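Contents: one structure, followed by commentary.
The values are calculated or read from the model by the stated rules, or taken from the named source; none is laboratory data. Since the model is a prediction, treat every value here as computed from it, not as a measurement. Here Cβ is always computed from backbone atoms with ideal geometry, including for glycine, and neighbour counts include all displayed protein chains.
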Amino acid sequence: MSEIVLEIDERTIENLMMGAHVFIEASSSPHAKKIAYFNKSAFHAYSHLVDEYACDGFSIEIQDVVEGRLQESFLPNFVNIQSKDAIREIGIVGSGAFAKDFDFGGFRAFRNAERLTTHDVSFGPELPELFPKLKAWRNLDWKANSVQALDGSWPALENLSLQSFSGSLSIFSGAPIKKLFLIGSTIRDIEDVLCLENLEVLQFVSCRISGDVSVLSRLKNLRTLRFEGKNKLEGWESFKSETIENFAASHYPCKFPKDGFPKLKNYTVNAYRYRDPFHETSGDIEAIDDEFDGIFAQV
């Protein structure tokens, strides 16, 4: 899958001892050849390695509270990354804050960025404008980085993973989203996902959603569906799909009606509850997992 390619000289070792951490990962993915991972102090000192190792992505871990002490806010300088057009993936993760005088316009220089990971470091309302070519967004904290109605922004957004999402998915209406992961979401009615009519892969994890699950029958391109965690869903007996090939559920409340899924190849129902009367597994379970192998897959 990957390998560490960073060569460490004596000066680098000295900085590592002082708290700077950086490694470069070579990926087998055709979409990301090399990703450079930094913590905050390492990025200031070693961002030039993005060019030296021909990386097409970088990620910076922000941690402003270390051993109970508040650290300085984050003021990244991208001047040492010369090949900005080569960058396809960017990640800003961890807990912290950009400096008040930080110019977010610096991110616009990475005009070909297609994959973005955000966490508890707020980009503010400018976020959609900073990455106009975005195809995949992994948002690890919706409260820190929420967006309003896209209104034409992110016209290429196909893959979306949202943690702690609240509100309505209608804000993403118009985006050609094919893959959606919802983790710890508070959407109340499963029917809300129908506004994303191009969905092919859909996953709910610890969402506790409610409503009539059979409405998902209206998603004409849905290929893979997974539910993890307990939900308050009804209409399982009426749920049918002409397109679903892969299905997984951890708390399925009735006998799975396979006759309503003519293209079904792989499925697992209540896999970890062996004494459950509705426990059932068939086909290639790894094929199901492959469908959920990262929000950046097939981008």
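Computed quantities for the displayed model
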{"quantity": "Test set (1) part of a loop (DSSP other than H, G, I, E, B); (2) closer than 25 Å to Ser210 by Cβ - Arg275 fails condition number", "calculated": "(2)"}
{"quantity": "Selected residue (only one of Phe227, Phe239 is surrounded by 15 or more Cβ atoms within 10 Å (Cβ to Cβ) and in contact with a Phe, Trp or Tyr (Cβ under 7 Å, 6 or more places away or on another chain))", "calculated": "Phe227"}
{"quantity": "Phe107 touching a residue at least 24 places away in the same chain (Cβ under 8 Å), within 25 Å of Ala26 (Cβ to Cβ) and over 16 Å from the mean Cα position of the chain (by Cα)", "calculated": "yes"}
{"quantity": "Some residue of the range 260-270 being loosely packed, with under 13 Cβ neighbours inside 10 Å and closer than 21 Å to Ser161 by Cβ", "calculated": "no"}
{"quantity": "Some residue of the range 255-271 being aliphatic (A, V, I, L, M), at pLDDT 90 or above and assigned to a helix (DSSP H, G or I)", "calculated": "no"}
{"quantity": "Those residues of the range 77-106 which are surrounded by 18 or more Cβ atoms within 10 Å (Cβ to Cβ), hydrophobic (A, V, I, L, M, F, W, C) and in contact with a Phe, Trp or Tyr (Cβ under 9 Å, 6 or more places away or on another chain), in sequence order", "calculated": "Ile81, Ile87, Ile90, Ile92, Phe98"}
{"quantity": "Residue match in the range 283-290 (condition: at pLDDT 90 or above, closer than 15 Å to Phe227 by Cα and surrounded by fewer than 19 Cβ atoms within 10 Å (Cβ to Cβ))", "calculated": "yes"}
{"quantity": "Of all residues making up the range 97-137, the number that are outside any helix (DSSP H, G or I) and either at pLDDT 95 or above or not β-branched (Val, Ile, Thr) (or both)", "calculated": "27"}
{"quantity": "All positions within the range 139-168 that are closer than 17 Å to Arg226 by Cβ and either assigned to a strand (DSSP E or B) or touching a helix residue (DSSP H, G or I) at 6+ places or on another chain (Cβ under 9 Å) (or both)", "calculated": "Asn159, Leu160, Ser161, Leu162, Gln163"}
{"quantity": "Conditions (1) part of a helix (DSSP H, G or I); (2) exposed (fewer than 15 other Cβ atoms within 10 Å of the Cβ); number of the one not met by Asp51", "calculated": "(2)"}
{"quantity": "Qualifying residue in the range 268-276 (condition: assigned by TED's automatic domain parsing to the domain that holds Phe204, within 24 Å of the chain's Cα centre (by Cα) and over 20 Å from Asp189 (Cα atoms))", "calculated": "yes"}
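Yes/no matrix, rows are residues, columns are (1) within 16 Å of the chain's Cα centre (by Cα); (2) buried (at least 19 other Cβ atoms within 10 Å of the Cβ):
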{"position": "Pro125", "(1), (2)": "no, no"}
{"position": "Val147", "(1), (2)": "yes, no"}
{"position": "Ala156", "(1), (2)": "yes, no"}
{"position": "Ile171", "(1), (2)": "no, no"}
{"position": "Val201", "(1), (2)": "yes, yes"}
